[in-house]
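The structure appears right after this line, and notes come after that.
The values are calculated or read from the model by the stated rules, or taken from the named source; none is laboratory data. Everything numeric here is computed off the predicted structure, so don't read it as measured data. Glycine also receives a Cβ, built like all others from the backbone with ideal geometry; neighbour counts cover every protein chain displayed. These accessible areas exclude ligands, DNA and RNA; they are computed on the full protein's heavy atoms, side chains included. Shrake-Rupley method; radii C 1.70, N 1.55, O 1.52, S 1.80 Å.
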Amino acid sequence: MTAPIDVVCGLRVEKAGPLALLQDAGRFGVRRLGVTQGGPADLHAWAWANHLLDNPWGAPVLEITLGGLELIAEHDMTLALCGADLEATLDDKPWLSWQVVSVTQGQRLRFGSARSGARAYLAVAGGFLAEPVLGSVACVSREGLGGHDGHGRSLAMADRLHIDRSCQASSRERYVGRRAPGKERIDYREPARLRLIPGAQISEFSGVSLFAAFNRPWHVDSRADRMGVRLKGPPLRCRLSTMISEGIPLGAVQVPPDGQPIVLLNDRQTIGGYPRLGTLTPLACARLAQCLPEQEVWLVAETPQHAQEEYRRFRLRFDVTAVPGAASHR
Amino acid sequence: MTRNLRLPRLEHAGIDAWLVRLFDEVDEANMPWLTALMRRCEAMFASTLIDMVPSYTTLLVHYDPLVLSSHEARRYLESALRDLVPDDESGSAEVKELSVWYDDSVGPELKRLECVSGLSRDQVIEVHCAREYRVFALGFAPGFAFMGRVDERLAVPRLDTPRQRVPAGSVAVTGRQTAAYPRQSPGGWNLIGRTPARLFDRHRDGFSLLRVGDRVRFVSVDRVEFERLGGDTTPVEERS
């Protein structure tokens, strides 16, 4: 906080993977212009990656989807890795998720393929540095906004990520070896119970469909990305087919005419016109974002009050100081 | 146009949002009510307001769930709705004009509109330019404004096969709506021309040229004027 920022290149891309995007907490306040929120698909692992390094809420973290990425350290630095097990190695030695390591100049960080979960979060002490676009670093490829270059691109060969050198040396002794508690290290291979706040057009669905929605397992389809995740199961029947488009919140469970629900995530379009069962909680969205195709998930009804309490407990853990209001959120 | 607001419905939209349902039908007259409610919400929620998404008949209001409970947010909305009056329409609100070069090379579906409407080329253009449209919603992409309502003679359905690449600035119609594409993207609307206007610009104050509730008129310009205004004359590529 006190030392001036000393910007240096921290990591260089040696080999690009399928998708690696810089994400802060998201882009807020501009959704009325058709700009989506972006931000981490798995808020839980993203928050822990920052928290292990005492980074402030919202510091930009690299979201690595399905591995395949190779990075070279161009400086000594302190890193935290949370979320999916993507067979990460540091100079070919296994690097376990949910902990802090110190990396020296020239070391190679390599990600293999997804063994558990889909997305890993790599944080650096002080956060990765990038120019905010429309108030945020959140990288949304479809909109060409944010990320390391400001234009929404995924990390490509020879791209560089910048860090604050002044944060690295002091953080090494303090944080190396720090780990997230066991109960936070989620086994993403287990069936996921996704809490859903019923609402929207739920009363327009048939009784049989409502029973099926909450009492049968669903399976994650291969059509899953940062816009949304499609679920496979018994087709749900709704008396409405399409509606006048309206604003769509994060986690909205929409059901197009084929009866297969789509859970809308961070990069969704801001408005939509399919009937919805309700809204997943933010932590349920986070959990779903770690599910690989064919994984089993269950929808579990939840009250808004309980879901809000759960979210507040989650957030208070990361806001060491008193809640400063909306400012911390943006 | 002094109709009263029927009882708006408030629907849960997750842990941090309420959806306010004001109307059941699409109507230009909805929009001054929606913009008035947005201004009230800004005043009422102040720093606890995270985002708002107005759209045709509804307003989605996101608040900070660390500060407000769902009940408190509902109470704010109820008081914002109390005695709501629509934004004043008496002439002060400007009409935004979008210059359009209507031509087959940048508007390959002009022919389709001629066929469907039975109008001549000039009449199609005249009819599209004659109305003052309202922005009902922004969505699909940053700065993409859904406007209406288009004269029913020009109402044609979406293309059966959407284009992979619709050029930036393309002016399009589908059903009773019209729009302009802010940047190159896939799209299934009928292209009838192109505007040189920059619809979305990250460096401009406010970013988007158009906002929900705006009044918009299209103005036909020739190729020379289109180019003078900075328009790109690259033809729309054939659909594959």
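What does the C-alpha gyration tensor say about the overall shape of the protein assembly as shown? Classify as rounded when a/c is under 1.5, otherwise prolate if a/b is larger than b/c, or oblate.
Prolate, since a/c reaches 1.5 and a/b exceeds b/c.
Considering amide H positions built from the backbone, and no H for Pro or chain starts, which residues 5 or more places from A:L145, or on another chain, come under 5 Å of its amide H?
A:V140, A:G152
Which ³J(HN,Hα) values, rounded to whole Hz and listed in residue order, are derived for segment A:225-232 from phi using the Karplus coefficients 6.51, -1.76 and 1.60 in 6.51 cos²θ - 1.76 cosθ + 1.60 with θ = phi - 60°, glycine and proline given as x?
Result, ordered by residue: 8, 6, 7, x, 10, 8, 10, 10 Hz.
Using the Cα centre as the reference, give the magnitude of the dipole from point charges on the C-beta atoms of the protein assembly as shown (Lys, Arg: +1; Asp, Glu: -1; all else neutral), rounded to the nearest 20 debye.
Charge dipole of the protein assembly as shown: 980 debye, to the nearest 20.
Which residues of segment A:202-251 end up with at least 30 Å² less accessible area in the presence of all protein chains than when their chain stands alone, using a 1.4 Å probe?
Residues meeting the cut-off: A:I244, A:S245, A:E246, A:G247, A:P249.
Which value, in Å², gives the accessible area per residue of segment A:157-249 when a 1.4 Å probe is used on the protein heavy atoms?
Accessible area per residue, segment A:157-249: 53 Å².
Can you check what the net charge comes to around A:R12, using other residues whose Cβ is under 11 Å from the Cβ of A:R12 (Lys, Arg +1; Asp, Glu -1)?
-1
Assuming a ≥ b ≥ c are the square roots of the Cα gyration tensor eigenvalues, decide whether segment A:192-316 counts as rounded (a/c under 1.5), prolate (otherwise, with a/b larger than b/c) or oblate.
Here segment A:192-316 falls in the rounded category.
In whole Hz, what ³J(HN,Hα) sequence does segment A:36-51 give by Karplus (6.51, -1.76, 1.60; θ = phi - 60°), x for Gly and Pro?
Couplings: 7, 8, x, x, x, 5, 10, 4, 5, 5, 4, 5, 5, 4, 5, 5 Hz.
Taking all protein chains as present, what is the carbon and sulfur share of the accessible area of segment A:192-316, in % to the nearest whole number, probe 1.4 Å?
55 percent
Near A:K93, which lysines are there with a Cα under 26 Å away, not counting those fewer than 8 places off in the same chain?
Answer for A:K93, where 26 Å is the Cα cut-off: A:K15, A:K183, listed by chain and number.
Quickly estimate the mean residue ellipticity at 222 nm for the protein assembly as shown, helices only: each DSSP H run with n ≥ 4 gives -39500 (n - 2.57), and the total goes over all residues, rounded to 500.
About -5000 deg cm²/dmol.
Putting +1 on Lys and Arg Cβ atoms and -1 on Asp and Glu Cβ atoms, find which of B:Q123, A:A114, A:G146 reaches farthest to the positive end of the dipole of the protein assembly as shown.
Checking the options against the dipole of the protein assembly as shown, the answer is A:A114.
Report the full-extension gain for the segment A:D187 to A:F214: residue separation times 0.36 nm, less the Cα-Cα distance, to one decimal in nm.
Full extension of this stretch gives 7.5 nm more.
With every protein chain kept in place and ligands, DNA and RNA left out, what is the accessible area per residue of segment A:46-86? Probe 1.4 Å, answer in Å².
In whole numbers, segment A:46-86 has 18 Å² accessible per residue.
Once both axes come from the Cα atoms, what is the angle between helix A:304-318 and the longest principal axis of chain A, in degrees from 0 to 90, rounded to 10?
0 degrees
Work out the length of the dipole vector of segment B:9-81 about its Cα centre, built from +1 on the beta-carbon of each Lys and Arg and -1 on the beta-carbon of each Asp and Glu, and round it to the nearest 20 debye.
220 debye
Roughly how big is chain A's charge dipole about its Cα centre, with Cβ charges of +1 (Lys, Arg) and -1 (Asp, Glu), in debye to the nearest 20?
With only Lys, Arg, Asp and Glu charged at Cβ, the dipole is about 640 debye.
Classify chain A as rounded, prolate or oblate, taking a ≥ b ≥ c as the square roots of the eigenvalues of its Cα gyration tensor: rounded when a/c is under 1.5, otherwise prolate if a/b is larger than b/c and oblate if not.
Note, shape of chain A comes out prolate.
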